[in-house]
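Heads up: the structure comes next, in structure tokens.
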Amino acid sequence: MAMVDEPLYPIAVLIDELKNDDIQLRLNSIRRLSTIARALGEERTRKELIPFLSENNDDDDEVLLAMAEELGVFIPYVGGVEHAHVLLPPLETLCTVEETCVRDKAVESLCRIGSQMRESDLVDWFVPLVKRLAAGEWFTARVSACGLFHIAYSSAPEMLKAELRSIYSQLCQDDMPMVRRSAATNLGKFAATVESAYLKSDIMSIFDDLTQDDQDSVRLLAVEGCAALGKLLEPQDCVAHILPVIVNFSQDKSWRVRYMVANQLYELCEAVGPEPTRTDLVPAYVRLLRDNEAEVRIAAAGKVTKFCRILSPELAIQHILPCVKELSSDSSQHVRSALASVIMGMAPVLGKDATIEHLLPIFLSLLKDEFPDVRLNIISKLDQVNQVIGIDLLSQSLLPAIVELAEDRHWRVRLAIIEYIPLLASQLGIGFFDDKLGALCMQWLQDKVYSIRDAAANNLKRLAEEFGPEWAMQHIIPQVLDMTTSPHYLYRMTILRSISLLAPVMGSEITCSKLLPVVVTATKDRVPNIKFNVAKVLQSLIPIVDNSVVEKTIRPSLVELAEDPDVDVRFYANQALQSIDNVMMSG
């Protein structure tokens with residue numbers, strides 16, 4: 001008897017939980033829908049569960065969102081693709097709710113189900129659903145409908161296809177801007193399913209309406225449509241229909257539309273081909289680079305390298321470079337920052353001579369920019385220029401600026417330079433590095449900002465790895481050891497940090513002869529913070545040196561620290577002693 005009642009139980013519990021006042025219980029039961037459907041079996045899921053969900057008028061968006069998501073993967077639980085249509089009614093209801101993310105999720109689930117449905121079922125069930133939504137009196141239904149046409153269209157018979165095209169055309173002229181926006185957003189997807197014969201006639205006339213919409217939010221979505229449609233049309237049609245639209249949009253009265261054009265222009269160039277790009281799009285792009293709205297200039301400046309790649313170097317030098325020069329002294333720091341992040345990529349495009357003549361002065365002016373982000377963006381991309389103009393020129397022209405930045409008053413700029421030093425060092429080579437940058441690396445160990453001192457210690461380790469222990473023995477270790485007697489305890493702490501980082505790179509012999517004695521001497525320091533850091537460093541040296549050294553030198557120092565009056569010093573000393581014991585036992 002219990003076996004017979006079992007399947008009845010989940011649906012009763014579900015109904016109770018879905019009517020519960022506690023939102024968490026309602027959410028949990030929605031998330032368990034697939035389990036409940038399995039327990040009920042396919043037939044009862046179709047006959048009881050889905051109708052119940054269709055009538056479920058929960059008013060909480062979170063519950064509705066979860067339901068829209070669950071139903072999208074429900075085909076296996078209702079008996080497979082032939083019964084997929086039973087899932088459409090609850091999702092149709094969800095397509096009309098006020099909350100946008102619920103509608104979007106319902107449309108996404110409907111598209112997922114529709115793409116698996118059989119053609120005959122699509123015609124019988126899915127197309128009527130799209131038509132009902134498109135005729136809905138409340139705008140939310142019409143907004144949702146726009147996202148479903150591309151699924152419905154391809155399997156519809158000829159008569160229905162014509163009807164769907166005309167319905168979509170009406171949606172593009174809807175009174176509500178939200179509906180027109182949705183139609184503009186989904187036009188590319190819909191156009192991709194429409195036959196090429198109707199593409200030029202129906203779709204292009206729809207597109208023309210959208211491009212002349214009085215709402216800038218609709219027009220800017222039409223810009224995205226330009227690129228999508230451009231890929232579908234033949235090049236000559238693209239030039240005839242899309243190109244004039246782009247050129248008009250680049251002069252649109254709304255800066256948001258111009259911003260979208262600046263963002264999409266590279267994709268649009270690919271759609272229309274090289275010749276029209278030269279004649280029509282270069283002037284449009286130049287206009288955007290000189291736009292009076294900073295946001296537009298930022299978007300355009302960020303694309304400058306990509307755009308130059310599709311032009312010949314002569315054209316880039318003739319048309320784009322003058323604008324780049326202007327942008328490098330733009331009144332908006334964000335424009336200069338956007339330019340600085342991509343301008344290095346122009347060097348390979350323009351070639352060596354043009355880079356030296358035109359770009360180097362711009363790099364230098366950006367490197368001296370008052371705004372730190374601009375300088376950082378240039379520094380982090382120097383290697384791209386190095387490949388084009390060679391190290392000698394780079395060092396003559398840019399190094400003075402780098403040295404200046406190394407002492408910049410903004411610590412983040414100094415930090416960026418430090419992080420870039422190992423890369424510079426590997427590019428410039430040892431000799432050059434020693435002359436120009438060696439002193440800087442030591443200077444940073446005594447910076448006023450902790451992050452800089454810490455990065456400087458890491459930098460020494462990376463340099464030792466790059467140039468090898470012998471070089472480090474000559475150029476790093478003596479200077480580091482000289483600083484151990486610094487009167488300021490924070491600087492002495494940085495030296496301890498440097499030693500713990502350098503020891504693994506330098507190896508056992510140098511550690512024992514040069515580094516360890518300094519650390520042992522520091523156990524006598526009068527500052528407790530130094531002493532407990534000494535204990536930590538000694539612990540880090542245990543694996544590097546021989547066991548005999550551990551017993552003879554490290555252990556006695558730690559035993560002494562373990563009796564220190566300061567509680568933290570004793571704690572770290574005992575921790576280090578414990579790790580010696582562990583090593584000895586495992587050894």
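The values are calculated or read from the model by the stated rules, or taken from the named source; none is laboratory data. Please read all numbers here as calculations on a predicted model, not as lab measurements. Reconstructed Cβ throughout: ideal geometry from the backbone, glycine too, with neighbour counts over all protein chains shown. Areas reflect the complete protein model, heavy atoms only, side chains present, ligands, DNA and RNA absent. Shrake-Rupley method; radii C 1.70, N 1.55, O 1.52, S 1.80 Å.
Computing FRET efficiency as 1/(1 + (r/R0)^6) for Ser513 and Asp353, where r is the C-beta to C-beta distance and R0 is 45 Å, gives about 0.25.
Take the Cα of Met178, step 7 Å toward its Cβ, do the same at Lys552, and the gap between the two points is 8.3 nm. Per-residue 3J(HN,Hα) values for segment 526-538, derived from phi via the Karplus relation 6.51 cos²θ - 1.76 cosθ + 1.60 with θ = phi - 60°, read 8, 9, x, 4, 5, 5, 6, 5, 4, 4, 5, 5, 4 Hz in sequence order (x marks Gly and Pro). Taking label positions 7 Å along the Cα-Cβ direction at both Trp471 and Met585, the computed distance is 4.4 nm, reported to one decimal.
Taking all protein chains together and a 1.4 Å probe, the residues Tyr153, Tyr259, Tyr450 rank Tyr450, Tyr259, Tyr153 from largest to smallest accessible area. Pick out, in residue order, every one of the GluC sites (Glu not before Pro) in segment 547-577 that is DSSP loop and has at most 13 other C-beta atoms within 10 Å; say none if there are none. Here the GluC sites (Glu not before Pro) that fit, given the DSSP loop and packing criteria, are Glu563. Per-residue extension of 0.36 nm, minus the Cα-Cα distance of Asp482 and Thr100, leaves a gain of 130.9 nm for this segment.
Considering only protein heavy atoms and a 1.4 Å probe, what is the carbon-and-sulfur percentage of the accessible area of the chain? Carbon and sulfur together cover 51 percent of it. The simple spin-label model puts a point 7 Å past each Cα toward its Cβ; for Gln443 and Ser205 those points are separated by 7.3 nm. The ratio of the alpha-carbon radius of gyration of segment 495-545 to the globular-protein estimate 2.2 N^0.38 Å is 1.04.
Using 0.36 nm per residue, how much length does the chain from Val247 to Asp21 gain when fully extended, once their Cα-Cα distance is taken away?
Using 0.36 nm per residue and subtracting the Cα-Cα distance, I get 75.7 nm.
Counted over the chain with a bin width of 20 Å, the fraction of Cα pairs per bin, in whole percents, is 16, 28, 27, 26, 2.
For the chain, the longest principal axis of the alpha carbon atoms and the long axis of helix 411-428 meet at an angle near 80°. Where Lys and Arg each count +1 and Asp and Glu each count -1, what net charge lies around Leu496 among other residues with Cβ under 13 Å from its Cβ? With Lys, Arg at +1 and Asp, Glu at -1, the neighbours total +3. Roughly how tilted is helix 450-467, in degrees to the nearest 10 and between 0 and 90, from the longest Cα axis of the chain? Its long axis makes an angle of about 80 degrees. Using 0.36 nm per residue and subtracting the Cα-Cα separation, the extra length available between Phe571 and Arg256 on full extension is 107.3 nm.
To the nearest ten degrees, helix 158-171 and the longest principal axis of the Cα atoms of the chain are 60 degrees apart. Surface analysis of the chain yields an accessible area of 45 Å² per residue, using protein heavy atoms and a 1.4 Å probe.
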